[in-house]
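Below is one structure, written out as C-alpha cells; comments come after it.
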Amino acid sequence: MTVHDITLIPGDGVGPEITDAVVRVIAGAGVKVNWDVQHAGTDVFEAEGVPLPARVIDSIKKNKIALKGPVTTPVGTGFRSVNVTLRQELDLYACLRPCKSYAGARCVYPNVDLVVVRENTEDLYAGIEFQKDRKETLELIDFIASKTNKSIRSDSGISIKPISVFGTERIVRFAFEYAVANGRKKVTSVHKANIMKHSDGLFLEVANTVAKSYPDIEYEDRIIDNMCMQLVQKPELYDVLVLPNLYGDIVSDLAAGLIGGLGLAPGANIGGEMAVFEATHGSAPKYKGLNKVNPMAMMLSAIMMLNYIGEREAAARIDAAIASIIKEGKHVTYDMKPTPNDPTAVGTSEVADEIIRRL
Ligand code: NAD
C-alpha cells in the first residue's frame with residue numbers, strides 16, 4: 001500500500017482542531033499518510049519572529065503536497081499574509097474552489113455544482129501599490145498625465161492591475177484541463193473587458209484563443225456584473241468559471257454563499273509541481289479551542305487532495321459519509337442547524353467521529 005508524504009500545517013485559531021479532525025478521518029478511510037507537521041502563523045511569529053519559517057516552504061517543496069489549516073493575518077500591522085506568501089513563493093497560480101450543494105444543507109438552491117478557477121498571482125493582488133501623498137505616487141500621477149492626458153486627483157492612492165498573456169494562458173488552460181479531466185461540459189471566462197480593455201480585454205482575448213484548442217468543451221464569456229446576477233438567479237446554467245484574481249475572490253465567496261456558507265466551501269492552491277489544499281474560510285479566532293466550528297470545508301478540501309494523489313476510492317467514501325450526515329442533519333455543527341443556538345448541534349470532533357463511523 002502506498003504511503004503518502006504530505007506536509008501538514010495545522011495553522012492557528014480553529015486550524016488545529018479542524019486539521020486534527022481531518023487527519024483522523026483520512027486515517028479512518030484507510031489512507032496511509034506520513035504527515036510532516038509544520039507550524040506557521042501567529043504562535044510561530046511570537047516564538048520565532050517569523051510567521052512562515054523557511055522549513056515550512058522546504059517541506060512543501062520536498063513533499064509537493066500540503067494540507068493547510070487557516071492562518072490569521074493581522075490587520076494593519078504585524079506580518080504579511082502567510083497565505084499570500086505561500087502562493088507567491090511556490091507559484092501556486094490556480095485557486096480551485098468547487099461549490100456543490102448537498103441535499104439537506106441550508107442553501108439557496110438544491111442544484112448548484114460550480115467550480116471556480118481563480119488566477120492567484122496577478123491582477124490587483126500583485127501588491128503594486130502607491131500610497132496617497134508619497135513622492136513616488138505624485139511622480140506616477142505626473143507621468144500618467146504626461147502620457148495619457150488624463151488627470152488623477154493629487155490626493156489619490158493607486159493600485160496597479162497587471163494581467164499578462166503568460167498568466168492568463170496558463171490559468172485558462174488549467175480550467176480547460178480540469179474540465180476535461182473531471183468530465184465537465186462548459187467553461188465560462190469572466191471579465192470586464194468592455195471597461196478595462198488592456199487588462200481584462202487581454203484576459204478575454206487570450207481565453208478565447210485557448211478555448212479553440214478544446215473543441216469538445218463548450219465555451220462562453222460573461223461580463224462580471226452580469227455573471228454575479230446570473231449566478232444568483234440561475235446558477236445551474238454554469239459549470240467551470242475561470243476568472244482573474246479579484247473577481248475570482250469575490251465570486252468564490254458568492255458561490256460559497258449559494259451552497260450554504262463557509263462551513264462547506266473547500267479549496268486548493270495548485271501550481272505546476274505543488275499543491276496546497278485548504279478551506280476557503282479563515283481562522284475564526286473567536287471559536288478557537290471551543291470544539292465548535294464545522295470541519296467539513298476542511299474535509300472537502302482533503303477529499304480534493306485525496307483525488308489529486310490518486311486515492312479516489314477513499315475520497316468517494318468520505319464524500320458519501322459527509323453527504324449522508326448533511327442530509328440527515330443530526331450530527332452537524334451549529335452553522336448547519338436551523339438556528340445558531342440549536343442545542344442539538346455537535347462539535348468539531350464529533351462530526352469527525354460520525355464520519356469515521358459511516359466509512
Ligand atoms: P473567518 O472565515 O475566519 O470567519 C468568519 C466567520 O465565519 C466566523 O466568525 C464564523 O462565524 C464563520 N465561520 C468560519 N469558518 C467556519 C467554520 N468552519 N464553521 C462554522 N463557521 C465558520 O473570517 P475572518 O473572521 O474574516 O478572518 C479571521 C482570520 O482568518 C483573519 O486573520 C484572516 O486574515 C484569516 N483568513 C485566513 C485564511 C486562510 O488561512 N486561508 C482565509 C481567510 C481568512
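Some observations on this one:
- Residue under evaluation residue 44, criteria (1) among the hydrophobic types (A, V, I, L, M, F, W, C); (2) more than 12 Å from the ligand (Cβ to nearest atom); (3) surrounded by 17 or more Cβ atoms within 10 Å (Cβ to Cβ); (4) within 19 Å of residue 304 (Cα to Cα), criterion not met: (4)
- Of residues in the stretch 62-82 being charged (D, E, K, R) and surrounded by 15 or more Cβ atoms within 10 Å (Cβ to Cβ), the one nearest to the chain's Cα centre (by Cα): 68
- Residue in the stretch 228-239 that is farther than 24 Å from residue 127 by Cβ, part of a helix (DSSP H, G or I), among the polar types (S, T, N, Q) and out of contact with any strand residue (DSSP E or B) (no Cβ under 9 Å at 6 or more places or on another chain) present: yes
- The set of residues in the stretch 257-286 being aliphatic (A, V, I, L, M) and either closer than 12 Å to residue 70 by Cα or within 7 Å of the ligand (Cβ to nearest atom) (or both) consists of 262, 276, 279, 284.
- Of the candidates 290, 300, 254, the single residue that is of a type in the set (A, V, I, L, M, F, W, C), more than 10 Å from the ligand (Cβ to nearest atom) and more than 20 Å from the chain's Cα centre (by Cα) is 290.
- Only residues that are more than 18 Å from residue 20 (Cβ to Cβ), modelled with pLDDT of 95 or more, in a loop (DSSP other than H, G, I, E, B) and basic (Lys, Arg) were counted in the stretch 285-339, giving 1.
- Among the conditions (1) more than 22 Å from residue 350 (Cβ to Cβ); (2) in contact with a strand residue (DSSP E or B) (Cβ under 8 Å, 6 or more places away or on another chain); (3) within 14 Å of the ligand (Cβ to nearest atom), the only one that residue 10 does not satisfy is (1).
- Flag not set for residue 328, criterion: away from the ligand (no atom under 13 Å from the Cβ), among the acidic types (Asp, Glu) and under 23 Å from the mean Cα position of the chain (by Cα).
The values are calculated or read from the model by the stated rules, or taken from the named source; none is laboratory data. For clarity, every value in this text was computed on a predicted model and none was experimentally measured. Cβ coordinates were reconstructed from backbone atoms using ideal geometry, including for glycine residues, and neighbour counts include every protein chain displayed.
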